[in-house]
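Step one of this worksheet: look at the structure below.
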There are 2 protein chains.
Amino acid sequence: MEANSVIAVDIGGTKILGAKFDQKGRIEAREKKGTKTRKGDEAAFRQLTRVIDQLWTEEGSPVQAISIGVPGVVRDGVVVFAPNMPWKEYPLQKKIQEHYGVRCFVDNDANLSMLGEWRYGAGKNCQNLIGIFVGTGVGGGIVLNNQIYQGATGGAGEVGHIIVSSDGPYCGCGARGCLESLTSKNAIQKEIIAQTKRGRKSVYTDLIETDQFILKSSMLKRALEEKDMLTVDIMERVSQYLGIGTASIVNLLDPEIVIFGGGIMEAVGPYLLPKIITHAQSYAILRIMEKVKIELSALKDDACLYGAYALALMGES
Amino acid sequence: MEANSVIAVDIGGTKILGAKFDQKGRIEAREKKGTKTRKGDEAAFRQLTRVIDQLWTEEGSPVQAISIGVPGVVRDGVVVFAPNMPWKEYPLQKKIQEHYGVRCFVDNDANLSMLGEWRYGAGKNCQNLIGIFVGTGVGGGIVLNNQIYQGATGGAGEVGHIIVSSDGPYCGCGARGCLESLTSKNAIQKEIIAQTKRGRKSVYTDLIETDQFILKSSMLKRALEEKDMLTVDIMERVSQYLGIGTASIVNLLDPEIVIFGGGIMEAVGPYLLPKIITHAQSYAILRIMEKVKIELSALKDDACLYGAYALALMGES
């Protein structure tokens, strides 16, 4: 790509992060707004353009491309389906290109976070890596033999939907007992509410009684600092399931590194990671496991932005 | 490779199968002997040479190469470890080359069965396929993007050791609740004995009371024909676990086809496969699952022999 700027955007269920990358791949400006998911698809699009407009008018070299990560299934620039967004079969790439007159790239946010960690983060110089992103849901991605692995029909990499407990809860994916149904922020919130309703006291009790309880990752961090036993217990199970999922993946794919990212890991990763590793070791084949690095995301909340930037570079080169 | 013959050998825990492939890849002679695993590593080697000698002296074109599948971990022609064989760090490739004066190829039997199915069997023309071989243990292999996937350290493809039940029995791999610990012939045998000892009657009762019970796959077939309820119950669970394992693999890797082979599948595959598919469908993401073929091995007991033949062709070309 020529030496121009790229606007990268990470659309999440609650917030839109944007960044303008300069010619040397440094972030020279940032923008952040709420996602506005409840007012229909065009309102969500307008909110996205507000973030881009803000970055577009920043000083610096002209914008060459816009690259966007979306929390859903993306095919050929079209957002096929995004569980926490109003878009359905929404031609996002085309609309952005028409609106701004520059090339646009769109991909799934977990894929892009994976790409970011691989090119610029914890997976730099690795040829086989797995990303597990634990947030509102559990996403992920797979790089094998130095390529993003897409599978036969482009559906591969559903790391969040490997089964870790055959009798586990049902999941939005239609199955039950998958990683997402047991370890996502949504799953943790459900478990906190269920335990509270059956009478268990915790730091969340008062909040739940007001019926306005929406779990934020930062609450988990505070609860652990306060040694809230409900949180400790739930985190123990979460780490066990993440360890079991890691073990299955390691036995199957023998990667160089497994990278944990996402909102939950960013908030309580240093607490969870050693536990995840311990459980993974007790479920994986040791001769494979002992060679695998298991690390936290290096780029943290910026992983998707860096991945979007990398995607634009790949697409323009 | 020049137009000469290849001797292919499949060493199993109980029997050694050999075949001589002619210049056109047809099997022109076969040989079969017991494995003799109990008399030390040299006795096992001599038994192997008896099979090869028999094929070597068959009429037809001269032998160009010998290619061998071994039920264990193989690295650079050395049998590092084989749970049901006396060989440990055994330089099989070198010994066969010295003994016969032709090139020898050695690989893991499940890998070769996978290679056979890919090149000549149910996975012909597929670029992404998974093999699950259910026999004494559970082996398997992975072909991704038209290449045997080895992983970062050569340990990949341990399909038998993905976790399907976090509280399942311990396995020889050191972990618990993996496919092998729940669905292998050894696992089924243990379950039959345990159920019998707690008083459950079945077609195996008399045999178990003599303390000489060694389960053969053919017994399962007969027991199902006789509608033995213990066998029906155990096979239901086996198919559920195989379905869950299949679902995890499908969600993660989105292959074109999953191929089931091995002794158990050869004996009762037509009974098990529809059940496995039903369970896989209830645990996998349907938009991925509906595009994946799930089939029985086409080459059956010959899969490893054809894979060994393919390995020799690849090595000599």
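The values are calculated or read from the model by the stated rules, or taken from the named source; none is laboratory data. As the structure is a prediction and not an experimental result, all values here were calculated from the model. Neighbour counts are summed over all protein chains in view; Cβ atoms, including those assigned to glycine, are modelled from backbone coordinates with ideal geometry. All accessible areas refer to the heavy atoms of the entire protein, side chains included, with ligands and DNA or RNA removed. Shrake-Rupley method; radii C 1.70, N 1.55, O 1.52, S 1.80 Å.
Quick grid of which residues meet (1) in a loop (DSSP other than H, G, I, E, B); (2) among the hydrophobic types (A, V, I, L, M, F, W, C); (3) open to solvent by 20 Å² or more (accessible area, probe 1.4 Å):
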{"residue": "A:GLU59", "(1), (2), (3)": "yes, no, yes"}
{"residue": "A:ALA65", "(1), (2), (3)": "no, yes, no"}
{"residue": "A:GLY69", "(1), (2), (3)": "no, no, no"}
{"residue": "A:VAL74", "(1), (2), (3)": "no, yes, yes"}
{"residue": "A:VAL79", "(1), (2), (3)": "no, yes, no"}
{"residue": "A:PRO83", "(1), (2), (3)": "yes, no, yes"}
{"residue": "A:GLN97", "(1), (2), (3)": "no, no, yes"}
{"residue": "A:ASP107", "(1), (2), (3)": "no, no, yes"}
{"residue": "A:MET114", "(1), (2), (3)": "no, yes, no"}
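Annotation for region A:148-158: at least one member residue is in contact with a strand residue (DSSP E or B) (Cβ under 6 Å, 6 or more places away or on another chain), crowded, with 24+ Cβ neighbours inside 10 Å, of a type outside the set (D, E, K, R) and within 12 Å of another protein chain (Cβ to nearest Cβ). For B:GLY168, the stated conditions hold: it is part of a loop (DSSP other than H, G, I, E, B) and more than 7 Å from chain A (Cβ to nearest Cβ).
Number of residues in region A:28-50 that are under 20 Å from the mean Cα position of the chain (by Cα) and under 16 Å from A:SER67 (Cβ atoms): the value is 3.
Identify, please: which residue in region B:119-140 is within 14 Å of chain A (Cβ to nearest Cβ) and farther than 25 Å from A:GLY177 by Cα and is, among those, surrounded by the most Cβ atoms within 10 Å (Cβ to Cβ)?
Of all residues in region B:119-140, those within 14 Å of chain A (Cβ to nearest Cβ) come to B:123, B:125-132, B:137-140.
When the remaining residues are screened for being farther than 25 Å from A:GLY177 by Cα, the result is B:123, B:125-128, B:137.
On the way: B:GLY123: 27, B:ASN125: 7, B:CYS126: 18, B:GLN127: 15, B:ASN128: 23, B:GLY137: 25.
Among them, the one singled out is B:GLY123.
A count restricted to region B:18-33 and to residues that are closer than 20 Å to B:THR57 by Cβ, open to solvent by 20 Å² or more (accessible area, probe 1.4 Å) and not β-branched (Val, Ile, Thr) stands at 7. Among strands (runs of 3 or more DSSP E) entirely within region A:1-56, having at least 2 residues that are farther than 17 Å from A:LEU311 by Cβ and of a type in the set (Asp, Glu) singles out A:27-34.
Of all the listed residues (A:GLU236, A:GLU256), the sole one being out of contact with any strand residue (DSSP E or B) (no Cβ under 9 Å at 6 or more places or on another chain) and over 15 Å from A:VAL138 (Cα atoms) is A:GLU236. Candidates are the residues of region A:203-223 that are in contact (Cβ under 8 Å) with a residue 24 or more places away in the chain and over 20 Å from the mean Cα position of the chain (by Cα); the one that is most open to solvent (accessible area, probe 1.4 Å) is A:VAL203. Consider A:GLU226 against the criteria (1) under 21 Å from the mean Cα position of the chain (by Cα); (2) more than 8 Å from chain B (Cβ to nearest Cβ): it satisfies all of them except one. Which criterion is unmet? It is condition (1) that A:GLU226 fails. Checking each residue in region B:255-265 for being within 10 Å of another protein chain (Cβ to nearest Cβ) and crowded, with 24+ Cβ neighbours inside 10 Å picks out only B:PRO255. When we screen A:LEU144, A:LEU179, A:LEU115 for residues that are in contact with an Asp or Glu (Cβ under 9 Å, 6 or more places away or on another chain) and touching a residue at least 12 places away in the same chain (Cβ under 8 Å), the only hit is A:LEU115.
Suppose the filter is crowded, with 22+ Cβ neighbours inside 10 Å, within 12 Å of chain B (Cβ to nearest Cβ), in contact with a Leu (Cβ under 8 Å, 6 or more places away or on another chain) and under 16 Å from A:GLY123 (Cβ atoms); does A:ILE249 pass it? Judged against the criteria, A:ILE249 is a match. Among the numbered conditions (1) open to solvent by 10 Å² or more (accessible area, probe 1.4 Å); (2) within 14 Å of chain B (Cβ to nearest Cβ), the only one that A:GLY243 does not meet is (1).
Is it fair to say A:LEU273 is more than 14 Å from every other protein chain (Cβ to nearest Cβ) and of a type in the set (A, V, I, L, M)? So A:LEU273 passes the test.
Restricting A:ILE234, A:ILE259, A:ILE288 to residues that are in contact (Cβ under 8 Å) with a residue 24 or more places away in the chain, farther than 30 Å from B:ASP254 by Cβ and touching an Asp or Glu at 6+ places or on another chain (Cβ under 7 Å) narrows the list to A:ILE234. Entry remark, region A:276-317: residues being within 14 Å of chain B (Cβ to nearest Cβ) and hydroxyl-bearing (Ser, Thr, Tyr) number 3 in total. It is to be established whether one or more residues within region A:35-42 are in contact with an Asp or Glu (Cβ under 6 Å, 6 or more places away or on another chain) and surrounded by 18 or more Cβ atoms within 10 Å (Cβ to Cβ). No, region A:35-42 contains no residue that is in contact with an Asp or Glu (Cβ under 6 Å, 6 or more places away or on another chain) and surrounded by 18 or more Cβ atoms within 10 Å (Cβ to Cβ).
In region B:159-176, what count of residues is obtained for those that are at negative phi and open to solvent by 10 Å² or more (accessible area, probe 1.4 Å)?
Restricting attention to region B:159-176, the residues satisfying the condition of being at negative phi are B:159-173, B:175-176.
Now drop any that are not open to solvent by 10 Å² or more (accessible area, probe 1.4 Å), which leaves B:161, B:165-167, B:169-173, B:176.
The number of residues fulfilling the criteria is 10.
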